[in-house]
1. Please turn the phi angles of segment 70-75 into ³J(HN,Hα) values with the Karplus equation 6.51 cos²θ - 1.76 cosθ + 1.60 (θ = phi - 60°), one per residue in order, whole Hz, x for glycine and proline.
2. Enumerate the calculated ³J(HN,Hα) couplings along segment 88-99 in order (Karplus 6.51 cos²θ - 1.76 cosθ + 1.60, θ = phi - 60°), each rounded to whole Hz, writing x wherever the residue is Gly or Pro.
3. So if each residue of separation counts as 0.36 nm, and I subtract the Cα-Cα distance between Leu207 and Asn2, what length gain in nm does that give?
4. Using the alpha carbon gyration tensor of segment 1-50, what are the three equivalent-ellipsoid semi-axes (square root of 5 times each eigenvalue), largest first, in whole Å?
5. For the chain, what does the helix formula give at 222 nm: sum of -39500 (n - 2.57) over DSSP H segments with n ≥ 4, over the residue count, nearest 500 deg cm²/dmol?
6. How would you order 155-168, 62-75, 189-202 from highest to lowest mean count of nearby Cβ atoms within 10 Å?
7. Please give the length that would be gained between Ala106 and Arg61 if that part of the chain were fully extended, namely 0.36 nm times their separation in residues minus their C-alpha to C-alpha distance (nm, one decimal).
8. Want the number for Ala139 to Ala188: 0.36 nm per residue separation, take away the alpha-carbon distance, what's left?
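The values are calculated or read from the model by the stated rules, or taken from the named source; none is laboratory data. Treat the numbers as computed from the prediction; the structure is a model and nothing was measured. No Cβ is skipped: glycine too gets one built from the backbone with ideal geometry, and neighbour counts run over all protein chains shown. The accessibility values were calculated without ligands, DNA or RNA, using every heavy atom of the protein model including side chains. Shrake-Rupley method; radii C 1.70, N 1.55, O 1.52, S 1.80 Å.
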Amino acid sequence: MNSADLFRQRLDECPLVAIIRGVTPDEVEAVGEVLYAAGIRIIEVPLNSPDPFDSIGRLARRLGDRALIGAGTVLQPEQVAQVRDVGGQLIVSPNTFAPVIEATVAAGMVSSPGYFTPSEAFDALRAGAHVLKLFPAEAATPAVVKGQRAVLPKDVPLIVVGGINPANMKPYLEAGADGFGLGSGLYAPGRSLDDVASAARAYVQGLERP
């Protein structure tokens, strides 16, 4: 199974991506276990976190056989190899910079660039992106998602990121979103493990709301 197929498998298990920005290597394994216990199967450590490659490596060794681990806020193509070398399989970026996407594809990893307009989405797909990250969702209503879904390839997962909470996920799913990236609503530096666990469970339960 390649990385793109594994991403789809993990997304099918739980359509949530945990973005643990600011996590430290000393706490990352405990945070990862709490997220996994709540049901989340995809975790990214943004590269503007403290010692991110150490954290990604620790998570990959701890959870790599049970969850998909990767990096977020990847801005340069050389960072892709650094993530791969510590065991990461997912590259998430806030933009559609083609050299990062192309380096990710060449490394056999999952490319999930951030986009906002259909033009950006198709540029990313042309470069080889496997997953599209609509960001920031605070400025994109479910109606926007529905409109974009009419033209975007149906087989490309669409992840909505930014301002997502347990109460507002259902309309995005009904509009055609395949999942969500969860940031500060799920994890923030200094938040206790109990609080992270509670937030993670609330998001998972939010997927089941009528």
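1. x, 10, x, 6, 8, 10
2. Couplings: x, 10, 10, 10, 10, 10, x, 9, 10, 5, 4, x Hz.
3. 71.1 nm
4. Working: eigenvalues 89, 34, 14 Å².
The answer is 21, 13, 8 Å, longest axis first.
5. -13500 deg cm²/dmol
6. On the way: 155-168: 17.9, 62-75: 20.4, 189-202: 14.9.
For the peptides 155-168, 62-75, 189-202, the packing ranking is 62-75, 155-168, 189-202.
7. Difference between extended and current length: 13.9 nm.
8. Between Ala139 and Ala188, full extension yields 15.4 nm more.
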